[in-house]
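Participant: Take a look at this one; I'll ask things after.
The values are calculated or read from the model by the stated rules, or taken from the named source; none is laboratory data. Given the structure is predicted, the values throughout are model-derived calculations rather than measurements. Cβ atoms come from the backbone with ideal geometry, glycine included; neighbour counts cover every protein chain shown.
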Amino acid sequence: MVSQRYILKLNRFLDSDFAGCKLDRKSIGGACHLLGSSLVSWNCKKQACVALSTVEAEYIVAGSCCAQSLWMKQQLEDFRVNLDHIPLKCDSTSAINLTKNPVMNSRTKHIEIRHQFLRDHCIELIDSEHQLAYIFTKSLARDRSFSLEMN
C-alpha cells in the first residue's frame, strides 16, 4: 500500500476595529485560522487595554493570533503534521513595519512585552478586499450584502 502525503497549509487572518466599542473606546480584534480551506479557529474579542492608535490595535490582535497559531502548530505536531511556514495576513502596512523594526522607540515602548514575540514571525500584507477577518470587526456594508437562498 502506497502512503499518500498531504500538504496542509495553515493561514491566519487578523483585523481590528480601532476604538470600536462605543462605551469605553477599546478596540475590537478578530482573527481566523484556516487549515487548508477549512476554518478551524476564529475569535472576536474586545481588547483588554485601550489602544492609542490603529497600528497598536492591529499589533495587539496579531500577538494574540500568533499565540493561538503557535498552540495549533504544537497540536498538529503531536499528530505528526509539520508546518514550516505559517503566514499571518494583515492589512495594515504600519503594523507590519512595526514588527520588522528592531528598535524600540518612544512611540512603541508602551506596547506590552508579551506582544513583542511577533518580531520572530512572518507577517504578510493582504488587501482589505481579501481580508477574511474583516467580518469579525466591521459591520456589513450595504453594497457588500450576502444572499442566503435555500434551494
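Participant: Is the range 61-81 home to any residue that is over 18 Å from residue 42 (Cβ atoms) and touching a strand residue (DSSP E or B) at 6+ places or on another chain (Cβ under 8 Å)?
Facilitator: No, because not a single residue in the range 61-81 is over 18 Å from residue 42 (Cβ atoms) and touching a strand residue (DSSP E or B) at 6+ places or on another chain (Cβ under 8 Å).
Participant: Still on this model: With the requirement that a residue be surrounded by fewer than 13 Cβ atoms within 10 Å (Cβ to Cβ) and on the phi > 0 side of the Ramachandran plot, what does the range 19-73 give you?
Facilitator: Within the range 19-73, 25, 36 qualify.
Participant: Here's a follow-up. Kindly indicate the residue of the range 91-110 that is β-branched (Val, Ile, Thr) and either at pLDDT 70 or above or touching a His at 6+ places or on another chain (Cβ under 6 Å) (or both) and also surrounded by the fewest Cβ atoms within 10 Å (Cβ to Cβ) among those meeting that condition. Quick ask: steps written out before the conclusion?
Facilitator: Initially, the range 91-110 is screened for residues β-branched (Val, Ile, Thr), giving 93, 96, 99, 103, 108.
Adding the requirement that they be either at pLDDT 70 or above or touching a His at 6+ places or on another chain (Cβ under 6 Å) (or both) leaves 93, 96, 99.
Values: 93: 10, 96: 20, 99: 23.
If we take residues in the range 91-110 being β-branched (Val, Ile, Thr) and either at pLDDT 70 or above or touching a His at 6+ places or on another chain (Cβ under 6 Å) (or both), then 93 is surrounded by the fewest Cβ atoms within 10 Å (Cβ to Cβ).
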